[in-house]
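Starting off with a structure, shown below.
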Amino acid sequence: MGSVTVILVVAFILLLVMDVPIAVAIALASFFAVMAEGFNAPVALALKMANGVNSFALLAIPFFILSGYLMGKGGLARRLIDFASVLVGALPGGLGYVNTLTCMLFGSISGSAAAAVSSVGGFMIPEMNRKGYGREFNVSITTTAATTGLLIPPSNVMIVYSVAAGSVSIAAMFMAGVLPGIITGLFIMLAGAIISTIRGYRGESIDMPKWKPLVAAGILIGMILSCVVTKLGWLDLGFRIGAVKISNLVIWFIVWSVACCACFEMFRRAYTTLLLIVVVIGGILGGIFTATEAAAIAVVYSFILSVVVYREIKMKELPELLLHTGITTAIVMLLIGASSGMSWIMTMANIPQTVSASLLGMSDNPIVILLTINVLLLFVGTFMDMTPAILIFTPIFLPVVTALGMHPVHFGIMMIANLCIGLCTPPVGTCLFIGCGVGNTTIAKVTKTMLPFFGSMVAALLVITYVPATSLWLPVQSKQLKQSEVDKAFFMNAPDDDKPDEAESK
């Protein structure tokens, strides 16, 4: 099988050097490798590619892509910017925080980093330029902050990883990405704060009575305390509608939302947009619908907001949006199909087993092995788009980390956080190219300003990698994972063998 591996790797590298599109390069390299093995290559490879996209879970991708287009063109980004300005705009360098927070919020309802760069950056970058912020700083913070939308659910790449990993729950992946996405956003904000302080960027003056932020903050603190109290078992709030339990979190969200609507005009404008997060994630966690059904509901909801409520999209513009959705979906599905063929031939050539044995033979220290995998993925992300990278390298590295005791959900979040950095680096940095186009600047000028933000993203990646609770805590609390499934994860304190399992004791 050694010749198959050599042909696969060499052909793939040569095709990339020849600037062949990535999907075609993957498919052709797989074709040459299968031909060397003596199989009926066209039939075998076509069957594997067809089976690769024959998955019900993948139906969510075109729906989320369409909802992202509707949100980007339907004025939802502008309302989120106004809401973020009320929350953090008055801080020194406030527009940088507004930019980051808006990208996080927009990503949480669209699941697309490219859509966040074009939609949020299309307004924020010119506005920050007008306010005296450096052009390269504006492009840098927009480009890096947009990648948080791939960690904060819903996210198309999480669906791709769930399919590639085999038995990983999409709902668990969605919940696992919330805290890592917030952590990454906070690290980016910290880098922006340091640069803003050095350069003397000021905050925006916001005209509002001082009691309004105090009221909203008090209600938010009350909501958090109520959730903590209920989690500890001191108070049981909630009710049932049929078989679905409505928890105190939903109750307090409604109360907090009503109070904020009374206090903030901008929140009232953004409320219907933010409600989509509750509808999609709450519906999945409550067992009301699957992730695929949630994607379809997101399309209906965003269509109603963009076309009926806000009226920023005309009916005659819908065919163009559907065409763009079809083109983007075709590209993603071609990548998935081609990568499935390559994964099959790699399995035949025992490449995952060989890599696993090599890494485990190099060291038995999880810290060293994970650091090595992260370095390799950072290198891969520089030259390869995220979707094929996940599909190709998940079967290679997942056996390695599971042998060390790492949970597949945790590894998926680590891989996505790692490959997000590649979206901001040349030569294949999609977000970087879009950001430079929107900001009317060049990659050479932006690269120097990007370095602190790269450092912040790498720091966040290390936290996500070596603190499993950042990825696994929320899935456990939301009952998407059992505590017993994650207790033995490395870097965590496993329970004593003589101590009964917490779930069984209840």
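Throughout, read-outs are computed from the coordinates displayed, never taken from laboratory work. What you are looking at is a predicted structure, and each value in this text was computed from that prediction instead of being measured. So basically every Cβ, Gly included, is an ideal-geometry build from the backbone, and we count neighbours across all protein chains shown.
Would you check which residues across segment 420-474 are over 30 Å from I170 (Cα atoms) and touching a Pro at 6+ places or on another chain (Cβ under 7 Å) and list them?
I443
Hey, V168 hits all of (1) in a helix (DSSP H, G or I); (2) surrounded by fewer than 22 Cβ atoms within 10 Å (Cβ to Cβ) but one; which does it fall short on?
Result: V168 passes all but (1).
I need a count of the residues in segment 116-155 that are within 27 Å of I61 (Cα to Cα) and surrounded by fewer than 24 Cβ atoms within 10 Å (Cβ to Cβ).
Total satisfying the criteria: 3.
Given the structure, is G181 touching a residue at least 40 places away in the same chain (Cβ under 8 Å) and out of contact with any His (no Cβ under 8 Å at 6 or more places or on another chain)? Don't jump to the end; show me each part of the working.
Details: touching a residue at least 40 places away in the same chain (Cβ under 8 Å): yes; out of contact with any His (no Cβ under 8 Å at 6 or more places or on another chain): yes.
So G181 passes the test.
Out of P42, P62, I need the residue that is surrounded by fewer than 23 Cβ atoms within 10 Å (Cβ to Cβ), within 17 Å of I170 (Cβ to Cβ) and not hydrophobic (A, V, I, L, M, F, W, C). Which one?
Unique residue meeting the criteria: P62.
From the list I284, I297, pick out the single residue that is within 16 Å of F63 (Cα to Cα) and buried (at least 21 other Cβ atoms within 10 Å of the Cβ). Please lay out each step first, then the result.
On the way: I297 fails: buried (at least 21 other Cβ atoms within 10 Å of the Cβ).
One residue alone meets the criteria, I284.
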